[in-house]
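As structure tokens, the structure follows; a few thoughts come after it.
The values are calculated or read from the model by the stated rules, or taken from the named source; none is laboratory data. Computed from a predicted structure; not experimentally measured. Quick reminder, even Gly has a Cβ in these numbers, built from the backbone with ideal geometry, and neighbours come from all protein chains shown. To get the accessible areas, we keep the full protein, side chains included, count just its heavy atoms, and leave off ligands, DNA and RNA. Shrake-Rupley method; radii C 1.70, N 1.55, O 1.52, S 1.80 Å.
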Amino acid sequence: MKRSAIAQDFKALLFTLPAMVPLTVFWFAPLVYVIYLSFMEWDFMNPVKVFVGFENYQNLFSNPAFYESLRISILFCLGSVLPVVIVGLALAMLLSNKFKGGALYRTLMFSPWVTPTVAVSIVWSWIYEPDVGLANNLLRFIGIDGIRWLEDPNWALIGVLLVTVWKSAGWCMIFYLVAIKNVPPELLEAAELDGANGWRKFTNVTLPLISPTTFFLIVVQTIQALQAYDQINVLTQGGPAGSTRTLLYLYYQSAFDSFQIGEASSVAITLIVGCVVLSLFSFAVSRRNVHYN
């Protein structure tokens, strides 16, 4: 029996090897190397790396720019994840019913997701143009003065968030469309027989049954929000005055603007640890609030 179990484990290992090889080469090995670099002082140019221990982390945690970037990252997560999930669910509820042209509308709503983020951001930079952009022209049409969307520290983050929500909502919609389709119709009929209106059927039947999808989307969107880079780089380059500089953009500036590879690596490791902590917290919360069929 023991030999049979060992043989089965060995066969399972063989089946996982094709997936483990690229995962090791492109994820585990670079992660170990980044951890190593976070304890070094290096500028990309000098072939010699100087071991400095935890000095990079000490400098990072004593740097006000780190805490400001952390604040911006939290705001970016809150301002993108919740609206994306809510808008995606609202679109799915609207488009889940069969009607003429429904497939076309679903395709249009999903199309921003498959469009490269750089291309989307360039188009939105034209929309946000203060003098001739579409956004300000619409505001002026209804009697509101134009906004310096990407030049005002009070509005720049909102501008980036609007682009992020617009691009990602259709992706969430697709998952919700499948989840809503899988809600047992007999439960909705039973709730209707008990006198439940449309809102109560949604909150008491549909919403709990699609909670696994909601949990999945919140986790994935949070990780994507922490990794957001393209739209920030194209639209604001972390400015103005650092108002859109997230932790990932701080990492980019430390590595490729200042050539402080050790400091940048410490930012990357801190970001990874933050993602792991958030994921574990989400799984702990899901045990009470997620209802699996």
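At-a-glance table
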{"read-out": "Among the residues listed as V220, V273, the single one being closer than 21 Å to V81 by Cβ, open to solvent by 60 Å² or more (accessible area, probe 1.4 Å) and either at pLDDT 85 or above or assigned to a loop (DSSP other than H, G, I, E, B) (or both)", "value": "V273"}
{"read-out": "Residue that is touching a strand residue (DSSP E or B) at 6+ places or on another chain (Cβ under 9 Å), over 29 Å from S243 (Cβ atoms) and not basic (K, R), where the choices are V21, V32, V25, V50", "value": "V50"}
{"read-out": "Qualifying residues in the range 227-246 (those that are hydrophobic (A, V, I, L, M, F, W, C) and in a loop (DSSP other than H, G, I, E, B)) - the one least open to solvent (accessible area, probe 1.4 Å)", "value": "A228"}
{"read-out": "Flag for L108 being loosely packed, with under 13 Cβ neighbours inside 10 Å, modelled with pLDDT under 90 and within 25 Å of V160 (Cβ to Cβ)", "value": "yes"}
{"read-out": "Some residue of the range 247-261 being in a helix (DSSP H, G or I), touching a residue at least 12 places away in the same chain (Cβ under 8 Å) and more than 30 Å from V123 (Cβ to Cβ)", "value": "yes"}
{"read-out": "Yes/no for I72 being surrounded by fewer than 18 Cβ atoms within 10 Å (Cβ to Cβ), modelled with pLDDT of 90 or more and not aromatic (F, W, Y)", "value": "no"}
{"read-out": "Yes/no for M20 being open to solvent by 60 Å² or more (accessible area, probe 1.4 Å) and not in a loop (DSSP other than H, G, I, E, B)", "value": "yes"}
{"read-out": "Subset of the range 152-190 [closer than 23 Å to S96 by Cα, of a type in the set (D, E) and open to solvent by less than 70 Å² (accessible area, probe 1.4 Å)]", "value": "none"}
{"read-out": "Residue in the range 24-32 that is touching a helix residue (DSSP H, G or I) at 6+ places or on another chain (Cβ under 7 Å) and of a type outside the set (V, I, T) present", "value": "no"}
{"read-out": "Residues being modelled with pLDDT of 85 or more, open to solvent by 30 Å² or more (accessible area, probe 1.4 Å) and small (G, A, S) - total across the range 191-217", "value": "0"}
{"read-out": "Unmet requirement for S62, which otherwise passes all of (1) touching a residue at least 60 places away in the same chain (Cβ under 8 Å); (2) over 24 Å from the mean Cα position of the chain (by Cα); (3) closer than 17 Å to V267 by Cα", "value": "(1)"}
{"read-out": "Residues being touching a helix residue (DSSP H, G or I) at 6+ places or on another chain (Cβ under 8 Å) and at positive phi - total across the range 55-114", "value": "0"}
{"read-out": "Long-range neighbours under 8 Å by Cβ, at least six apart or interchain, first residue closer than 14 Å to I269 by Cα within the range 20-35, second of a type outside the set (A, V, I, L, M, F, W, C)", "value": "V34/S265; I35/S265"}
{"read-out": "Hits in the range 109-157 - residues which are in a helix (DSSP H, G or I) and more than 21 Å from the chain's Cα centre (by Cα)", "value": "W126, I127, L134, A135, N136, N137, L138, L139, R140, F141"}
{"read-out": "Subset tally (residues that are in a loop (DSSP other than H, G, I, E, B) and either open to solvent by 80 Å² or more (accessible area, probe 1.4 Å) or not basic (K, R) (or both)) for the range 49-69", "value": "5"}
{"read-out": "Residue match in the range 229-247 (condition: closer than 25 Å to F76 by Cα, among the acidic types (D, E) and within 16 Å of the chain's Cα centre (by Cα))", "value": "yes"}
